[in-house]
1. What are the pairs with Cβ atoms under 7 angstrom where one residue, in region 116-133, is under 12 Å from residue 71 (Cα atoms) and surrounded by 10 or more Cβ atoms within 10 Å (Cβ to Cβ) and the other, located anywhere, is among the acidic types (Asp, Glu) and at pLDDT below 80? Sequence gap at least six, or different chains.
2. Here is a list: 12, 57. Which entry is at pLDDT 80 or above and either in a strand (DSSP E or B) or more than 11 Å from the chain's Cα centre (by Cα) (or both)?
3. Restricting the search to region 35-47, which residues are under 21 Å from residue 77 (Cβ atoms), hydrophobic (A, V, I, L, M, F, W, C) and either out of contact with any helix residue (DSSP H, G or I) (no Cβ under 8 Å at 6 or more places or on another chain) or modelled with pLDDT of 85 or more (or both)?
4. Count, please, the residues in region 100-147 that happen to be at pLDDT below 75, part of a loop (DSSP other than H, G, I, E, B) and closer than 14 Å to residue 74 by Cβ.
5. So residue 10 clears everything in (1) among the polar types (S, T, N, Q); (2) surrounded by 12 or more Cβ atoms within 10 Å (Cβ to Cβ); (3) free of Cβ contacts under 8 Å to residues at least 12 places away in the same chain except one condition, right? Which one?
Amino acid sequence: MPYELKVERTPGQRLLVRIMMDGHEGAEAAVDFAAAEGGAATVMKVQVHADHAVLRGALAGTDKAKLAYAPDWMLNLTAKPLLRKLAEQIEKGQAIGGPMQGFQSEADWESSLPPDKQEQVQEWRQYDAARPMVDPDAAAENYMGGNASGN
């Protein structure tokens, strides 16, 4: 799966990273920076948004295909441990490796969440496992409209 990163920077204020997949924007991460503690620290605010249709098309048939179905709030939670690790490396003056270096497994990520967030993830998984694979209303309308083949 060929992808391209497009980065826009406003030094000291904002970093906007777009992941392009097959020429379409699959996800965007906006990182805003603000000085804290009189300039001795920096607060980062991150907002991740994904175009799930683009992700589904680009990731179909790969081991990352499930990622296309994760809601944005879950992607935002996933970014926190990675950002924490990057911040620690920066504070120690270490070189920053590739963004996926040291990436946590799903189980490790979930166990690192606070209990209330773990519960939200479990509720999402239960919902996701039980939801219909097709929209039953659309399927019924399609059938009643004389298009029983689904085309």
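1. Pairs that qualify, where the first residue is under 12 Å from residue 71 (Cα atoms) and surrounded by 10 or more Cβ atoms within 10 Å (Cβ to Cβ) and the partner is among the acidic types (Asp, Glu) and at pLDDT below 80, are 121/110.
2. Values: 12 fails: at pLDDT 80 or above.
Just a single option satisfies the conditions, and that option is 57.
3. Selection gives 43 alone.
4. Counting residues in region 100-147 that are at pLDDT below 75, part of a loop (DSSP other than H, G, I, E, B) and closer than 14 Å to residue 74 by Cβ gives 1.
5. Status for residue 10: all satisfied but (2).
For (1) among the β-branched types (Val, Ile, Thr); (2) more than 24 Å from residue 128 (Cβ to Cβ); (3) touching a strand residue (DSSP E or B) at 6+ places or on another chain (Cβ under 6 Å), each residue gets a yes or a no:
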site	(1), (2), (3)
18	no, yes, yes
23	no, yes, no
26	no, no, yes
35	no, yes, no
62	yes, no, no
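The values are calculated or read from the model by the stated rules, or taken from the named source; none is laboratory data. On a predicted model such as this, the values are computed, not experimentally measured, just so you know. Positions of Cβ are backbone-derived with ideal geometry, glycine not excepted, and every protein chain shown enters the neighbour counts.
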